[in-house]
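S.K.: The following block contains the structure, expressed as structure tokens.
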């Protein structure tokens, strides 16, 4: 039986962690694109492409550091581990990942596309869009019907 997703009481840390990681991924894509442009551009344009590479490399490093600390700050509401950062701790049997990626990156991608993730340590599913008040209200209404 599938477990219902829980709400996240403090969404701000998770949203900031996912957005900062998205900015880091986009900067890596821009860096790879500029490397390809540098290798294929004509000789007279190599200087501009080199300046672009020299600018994007420290920006990628800066965005990686920011994303790392923001993902580290976003902790699971239940087990207090970091679901967006993968470490060597034992993973829950319900944890999943997209194969070339690790569990933390898979969780970030899940939040980007579905606003849900499953903690890789406790196995609990969470939904960013689910409000805590709505969950309590529906439980109250079910008790009233009985």
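Every number here is computed from the coordinates shown, using simple stated rules; none is lab data. This structure is a prediction, so every number in the text was calculated from the model and none was measured. So basically every Cβ, Gly included, is an ideal-geometry build from the backbone, and we count neighbours across all protein chains shown.
S.K.: If you take the alpha carbon radius of gyration of region 23-117 and divide it by 2.2 N^0.38 Å, what ratio comes out, to two decimals?
M.R.: 1.41
S.K.: Using Cβ counts within 10 Å as a stand-in for footprinting exposure, how do 91, 80 rank, fewest first?
M.R.: The order, fewest Cβ neighbours first, is 80, 91.
S.K.: Another question, if that's okay. Using 10 Å bins from zero, what percent of all Cα-Cα pairs in region 10-74 falls into each bin?
M.R.: In whole percents, the pair-distance histogram is 23, 38, 23, 13, 4, 0.
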